[in-house]
Structure formats: structure tokens, C-alpha cells
1. Which residue pairs have Cβ atoms under 7 Å apart, sit 6 or more places apart or on different chains, and have a first residue in segment 174-188 that is closer than 14 Å to LYS128 by Cα and a second that is surrounded by 14 or more Cβ atoms within 10 Å (Cβ to Cβ)?
2. Go through the residues of segment 132-140 one by one and say whether even a single one is under 24 Å from TYR87 (Cβ atoms), among the hydroxyl-bearing types (Ser, Thr, Tyr) and at pLDDT 95 or above.
3. Test each condition in (1) crowded, with 17+ Cβ neighbours inside 10 Å; (2) under 28 Å from ASN63 (Cβ atoms) for VAL196 and report the one that comes out false.
4. Could you say which residue among LYS84, LYS88 is part of a loop (DSSP other than H, G, I, E, B) and either under 30 Å from LYS33 (Cβ atoms) or out of contact with any helix residue (DSSP H, G or I) (no Cβ under 9 Å at 6 or more places or on another chain) (or both)?
5. PRO129 is checked against (1) at pLDDT below 95; (2) in a loop (DSSP other than H, G, I, E, B); (3) not acidic (Asp, Glu) and fails just one. What number does that condition carry?
6. Which of the residues that make up segment 145-184 are within 17 Å of the chain's Cα centre (by Cα) and of a type in the set (Val, Ile, Thr)?
7. Name the residues in segment 134-180 that are touching a strand residue (DSSP E or B) at 6+ places or on another chain (Cβ under 9 Å) and crowded, with 16+ Cβ neighbours inside 10 Å, would you?
8. For ILE91, state whether it is closer than 23 Å to ASN120 by Cβ, in contact (Cβ under 8 Å) with a residue 60 or more places away in the chain and hydrophobic (A, V, I, L, M, F, W, C).
Amino acid sequence: MFNRKPLIVFEGIEGSGKTTLINYVSRYLKKKKINFIKIREPGGNINSEKIRNLILNRNNKFNTFTDLMLYFAARSENIDLVIKKNYKKKIILIDRFTDSTTAYQHYGMGLDKSLIERINKILLKNIKPNIIFLNIISMQNLSKRLSARRNKNRYDKFKTKFYQKVQNGYLKLSKNKPFYTIIDSNDNLDNNKKKVLNKILKIIK
């Protein structure tokens, strides 16, 4: 009997395997006919997907503060149109969420952390993740995976130093937080799939 409806977030830098894992969990839940929704950030609904196209278009150039506001605009639409009405009613899987903003825009780009936290607090109110899977990856493997991508967006083209700062930021955010689970994406994929699924099954049963 599946009776718990957690909000589960998959975090990590580009090429870290988070999307592979969320898709695996999604297929499992669908096969077992367990009620859930899966969304991504930025994106997740018709309005947020339009904003996503603006943010990730490799031909667009925004200053860092504009970038931040676009991410918050997409999240605001997501919370209003999707998350609020499904929170604690369905299992919610999210490919990136609030800690992505802090990791990228604060630790990566140097924007004010307290500002980011204040706006997230305003947007989320009582909404909070039950589990966050943080996927980490070596810079060597990251480079290989990004090089293999055919269609690169604006966030696939930063220098290695930037991704290292962002990943280090994620690790700082995860410190002493029991709802975080670190997934080593340098490890065997099947092992990581089992680790993620076992964790989720423990909380939803």
C-alpha cells in the first residue's frame, strides 16, 4: 500500500545523471500504477516552458540578475499552476528545484544568497522537499558527457571552474541535512538506480 505523497527533488550539475534517474523512477511508478507527477525546472507547465526557452536559448545573453528573475518567474508559475494543487496529494518528482538557484546563481555567479533565500521563502511558503537526491560527478566525466551532447543549451557551455563552484555549492547546501542523499554519478548506474528507488520506496510505503 502506497500512502505517502512526498515531494522528491533531483539536483546536480549538467551531466550528473539526475535526469536519467528521475526518468527511471518515473517509469517504475508508472509501471506500478502509482499516482505521481513529474516536472522540471525551469519548466513544468506551459508558461514556465516559455520562460525556459528564453533562459536556455544559446543565442540569448542575459545579465546574472535577469537570469535569476527569470528562474523565479518560472518557479512562481510552476508553484501556482502545478505544485500547490498536487502537494501532499500526489508524489511529485522535480528535476531541479530551489537549491539549484542557490547553487548556480549564488555559488556559481556570486549573487546575494540572502536575496535568493528570501524570494524562495515567499514563493514556497509551506512547501518543502521530503527527499533531495544530489548527483555529483567528477569534472573529467562531466567534460566527456557534455562533449557527447549534440544539442547544447546556454548552461552546457560554461567553463569547468564554474561547474566545480556550483557542485561545491550543492555540497555545502547538503551538509548536515538528513533529507539529502548523495548519489555518486561516477559509480555504476544500476547501483545508483537501486539506491534511489530503495530510498523512495521506504518513504512512500
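1. Pairs that qualify, where the first residue is closer than 14 Å to LYS128 by Cα and the partner is surrounded by 14 or more Cβ atoms within 10 Å (Cβ to Cβ), are PHE179/PRO129; PHE179/ASN130; PHE179/ILE131; PHE179/ILE132; TYR180/ILE132; TYR180/LEU134; TYR180/SER174.
2. No, there is no match, as no residue in segment 132-140 is under 24 Å from TYR87 (Cβ atoms), among the hydroxyl-bearing types (Ser, Thr, Tyr) and at pLDDT 95 or above.
3. (2)
4. Details: LYS84 fails: part of a loop (DSSP other than H, G, I, E, B).
It is LYS88.
5. Single failed check for PRO129: (1).
6. If the condition is that a residue be within 17 Å of the chain's Cα centre (by Cα) and of a type in the set (Val, Ile, Thr), then VAL166, THR181, ILE182, ILE183 are the ones that fit.
7. Matches in segment 134-180: LEU134, ASN135, ILE136, ILE137, GLN167, TYR170, LEU173, SER174, TYR180.
8. yes
The values are calculated or read from the model by the stated rules, or taken from the named source; none is laboratory data. Because the structure is a prediction, the values reported are computed rather than measured. All Cβ positions, glycine included, derive from the backbone under ideal geometry; neighbour counts span all protein chains shown.
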